[in-house]
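Just so you know, all these numbers are worked out from the coordinates, no wet-lab data involved. Computed from a predicted structure; not experimentally measured. When we count neighbours, we look across all protein chains shown, and the Cβ atoms used for this are built from the backbone with ideal geometry, even at glycine.
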Amino acid sequence: MRFATRSLGRAVVLSAAVVSLIATSYAVEPDERLADAALEARARTISAELRCLVCQNQSIDDSNAPLARDLRVLVRERLSAGSSDTDVMRYIVERYGEFVLLRPRFGLHTLLLWLGPMALLAGVVSMLVRRSRSQRSAAASDLERPLTEDEQRRLDQILAADKSAR
């Protein structure tokens, strides 16, 4: 019985590994690849940093969209023509805008994008601290408040009932 369970477990792990490899395979087609391995590696590095404008959450290296293919081919053409990696990136950004970058550059025009989440987090933490302090002070003021006549009468009844029960 244990052997069957182990075999089944191994089969599940192996299947998951194969599926994950298939899911992360590149969309780069054989006819797009460059013969020069160094240029192809540079193209892959650049493609991994460019957003597919159709899919938006994938790099052009991972996307099967026709526009992503066109961008991959364009990157390879520019590299084959002798452009540096920075020149290729600059050309793509000039042509398609900074939205094409998966990781936008830090600048005045992207300041809110980069600092917004941190500012939002700081605001939430500040609000939680203030709320906690106000609840503590409200609880403390309730403890310092004297009992009303009804509360004092009820307390006296409870204490008298406790003494008589002993």
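What the table shows:
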| read-out | value |
| --- | --- |
| Neighbourhood charge, 11 Å Cβ-Cβ cut-off, centred on residue 45 and excluding it, Lys, Arg +1 and Asp, Glu -1 | -2 |
| Segment 105-166 - charge dipole about Cα centre, Lys and Arg +1 at Cβ, Asp and Glu -1, debye rounded to 20 | 400 |
| Order by protection proxy (mean Cβ within 10 Å, highest first), peptides 116-127, 97-108 | 97-108, 116-127 |
| For segment 60-111, average projected area of the Cα convex hull in nm² | 3.9 |
| Inter-label distance, nm, simple model (7 Å from Cα along the C-beta direction), residue 141/residue 95 | 6.6 |
| Average Cα contact separation per residue, segment 46-163, under 8 Å, 6 or more apart, as relative contact order % | 17 |
| Cα gyration tensor, segment 90-132 - rounded (a/c under 1.5), prolate or oblate | prolate |
| Cα centroid of segment 109-126 to Cα centroid of segment 134-157, whole Å | 42 |
| Chain lengthening between residue 37 and residue 163 when straightened (0.36 nm per residue, less Cα-Cα) | 36.1 nm |
| Gyration tensor verdict on segment 26-128 (Cα atoms; rounded if a/c is under 1.5, prolate if a/b is larger than b/c, oblate otherwise) | prolate |
| Neighbourhood charge, 14 Å Cβ-Cβ cut-off, centred on residue 55 and excluding it, Lys, Arg +1 and Asp, Glu -1 | 0 |
